[in-house]
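Participant: Structure below; questions to follow.
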């Protein structure tokens, strides 16, 4: 009987290791962009990212911040759309390829649309000089003050992106999200295929309105190109009532930024239904009280969707029955009313999680498989010494995470994907993370 039980246990272990997705979501697309991100407009959740916290030059996407400052100035009464803007010699000559037919002065309201739609640099200089008290450098200071107020990683040098600056893809997405939230009418401008100035048609620089118009759902936002930045593009996109913001920076090749944008948006909006291997996970999660999809307000479990750090912390807090009462997290980037806030506060209070050195937690950043393992490993205070890593790609697991992955695999809490791979840098799906937490709860019970 003992030998029989050992044989059954071995068969069960092999079966668990061969679960197809303990096997997870589709592989992310290969894109030419150096950095990129897709963010849910409503929740801030990141659905795709590549070097999203590495700074690049934003080129003319810089104009989004300039537009934000202008809209703030109008709201405060500092200027109005009828404000008369003097056109300096600097504005007329600094970007000669624009060839703008200026009068001596121009109405602010006549400059704003072609500035954004056609990406007219001379108009940007004129408006920046006016709002900078005659100095574009002083206007750049306002831009950087605004960036600090928004808490984004961006440093600007002037109003248009004519000189190198430093902006991360995440910062650009958060900037776009914020300006839309404060001034939703900006979508009426950035979604236009063309506008007029002095009876002349100014066509949008965004080829999603012409060459790539068959890719449905794009309704803004801003392009950018320079020798020091490569091709850049921020886009707003709506599908089935869900609005996303995408950013690509440093794309290469003919129309590379458009192909990259379509690839990451298609990836971010692919079918989020639950995999066949995980068809019982939603019901089990419901019974166990750990269905985080309900906290997200989702109508179904959507198991293939990637999980953020915030949602994973909620999942862990539910599984460990942490008292979620306070919303005081101590992190400067966790909103007090987010669905995961009390869970983050509880987990931090229990000493289970920590943030980054800059006081942030980055709750909307996707959680990787190896990071997920480490969080549970630390939370459970496991210490398995030199447990063996059975995966073919074990060498790709960072040394910091190896004990955690090995321990949770040995305990049957964590499993690999097809082909005996672990894919440590890949992001965890809801169905995978929930299955792992159900495995943990079974052991605890």
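Participant: Hey, fewest Cβ within 10 Å first, where do 212, 422, 221 land in order?
Facilitator: Numbers: 212 15, 422 24, 221 27.
Exposure proxy ranking, most exposed first: 212, 422, 221.
Participant: So what's the back-of-envelope 222 nm ellipticity for the chain, counting only DSSP H runs of four-plus at -39500 (n - 2.57) apiece and dividing by all residues, rounded to 500? The partial results should precede the final answer.
Facilitator: On the way: 16 runs with 171 residues, N = 445.
Estimated from H runs of four or more residues: -11500 deg cm²/dmol.
Participant: So for 444, 207, 366, 174, fewest C-beta neighbours within 10 Å to most, what's the order? Don't skip to the answer; put the middle values down first.
Facilitator: On the way: 444 10, 207 14, 366 21, 174 24.
By the 10 Å Cβ count, ascending: 444, 207, 366, 174.
Participant: Using the reciprocal of the averaged 1/r over all distinct C-alpha pairs, how large is the Kirkwood radius of the chain in Å?
Facilitator: On the way: mean 1/r = 0.0420 Å⁻¹.
Radius from the Kirkwood sum: 23.8 Å.
Participant: Next question. Rounded, prolate or oblate for region 47-111? Axes are the square roots of the Cα gyration tensor eigenvalues, ordered a ≥ b ≥ c, and the cut-off for rounded is a/c under 1.5. Please list the in-between numbers first.
Facilitator: On the way: a/c = 3.44, a/b = 1.53, b/c = 2.24.
Verdict is oblate for region 47-111.
Participant: Please state the shape class of region 148-202: rounded when a/c is under 1.5, otherwise prolate if a/b exceeds b/c and oblate if not, all from the C-alpha gyration tensor. Write out the running numbers ahead of the final one.
Facilitator: On the way: a/c = 2.96, a/b = 1.52, b/c = 1.96.
Oblate is the answer for region 148-202, as a/c is 1.5 or above yet b/c matches or exceeds a/b.
Participant: Sticking with this structure for a sec: Where a ≥ b ≥ c are the square roots of the eigenvalues of the C-alpha gyration tensor, would you call region 189-248 rounded, which needs a/c under 1.5, or, failing that, prolate if a/b is larger than b/c, or oblate? All intermediate terms of the calculation are to be shown ahead of the outcome.
Facilitator: Working: a/c = 2.12, a/b = 1.19, b/c = 1.78.
Taking the square roots of the gyration eigenvalues as a ≥ b ≥ c, region 189-248 is oblate.
Participant: Then there is this: Can you put 437, 127 in order, fewest other beta carbons within 10 Å first? Spell out each step's value before the answer.
Facilitator: Numbers: 437 23, 127 27.
Arranged by neighbour count, lowest to highest, 437, 127 become 437, 127.
Every number in this text was worked out from the coordinates using simple rules, so none of it is lab data. Keep in mind it's a predicted model, so treat the numbers as computed, not measured. Neighbour counts run over all protein chains shown; Cβ positions are idealised from the backbone, glycine included.
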